[in-house]
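Report on the structure given below.
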Amino acid sequence: LRIQELQAKRKKKSWFAAKQESDLRGDSEALLHGLDRLTNNSLEPQMVLGMILVRAHDLRNTDCMGKSDPYATVRFGSEIIGRTATVKDNLDPEWFEGIRGVLPLGDEATEVVIEVWDDDGGGGRDDLLGEARLTSAQLYANADKVATLQLAAKPGQPAAQGSIEIHFEVKLKC
């Protein structure tokens, strides 16, 4: 129940605000997405991934009136491990939002996908502005660095433009 309460609180607050509160309580490890996968007895190596989605530049405008309303998601496999707030009417949004997760390292081909979307509100389907894909090896190579990643389009989607700036923090647990 305690983990569910922390996860519910985490969804309502930015990672930084939640981390500050959890540090005061001494339970910062519980804020990690995928805590159930992080165990002292696990034989599978794991990566504790922290990233700060800093900003995006020169995004494609998909709105007829005004500009796109971008937000970003971080996905591991089919599971979304984090989402930024929506920045209204902006093609160069700044988020400065942190996302953390625990990822298994059993398959080096497993990717973390950062997607940038245009929020069309409750009335329409959000438009994918572009995505960046990183393998666990690429994440580890970018540890403690700020990386600028070019956004690419999924097959069958309109061309992507722009980039996203991310600060990576990676720790291995064996």
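The values are calculated or read from the model by the stated rules, or taken from the named source; none is laboratory data. Since we're looking at a predicted model, the values are computed, not measured. All Cβ positions, even for glycine, are placed from backbone atoms using ideal geometry, and neighbour counts span all protein chains on display. Please note that ligands, DNA and RNA were not included when accessible areas were found on the heavy atoms of the full protein model with its side chains. Shrake-Rupley method; radii C 1.70, N 1.55, O 1.52, S 1.80 Å.
Structure values in brief
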{"read-out": "Considering residues of the stretch 90-122 that are charged (D, E, K, R) and at pLDDT below 95 only, the residue nearest to VAL48 (Cα to Cα)", "value": "ARG100"}
{"read-out": "Looking only at the stretch 137-174, and only at residues there that are without any contact (Cβ under 8 Å) to a residue 12 or more places away in the chain and of a type outside the set (Gly, Ala, Ser), the one that is farthest from VAL102 (Cα to Cα)", "value": "PRO155"}
{"read-out": "Restricting the stretch 67-117 to residues that are among the acidic types (Asp, Glu) and closer than 21 Å to VAL146 by Cβ, the residue that is most open to solvent (accessible area, probe 1.4 Å)", "value": "GLU94"}
{"read-out": "Some residue of the stretch 71-88 being in a strand (DSSP E or B) and without any contact (Cβ under 8 Å) to a residue 12 or more places away in the chain", "value": "yes"}
{"read-out": "All positions within the stretch 45-70 that are among the aliphatic types (A, V, I, L, M) and part of a loop (DSSP other than H, G, I, E, B)", "value": "LEU59, MET65"}
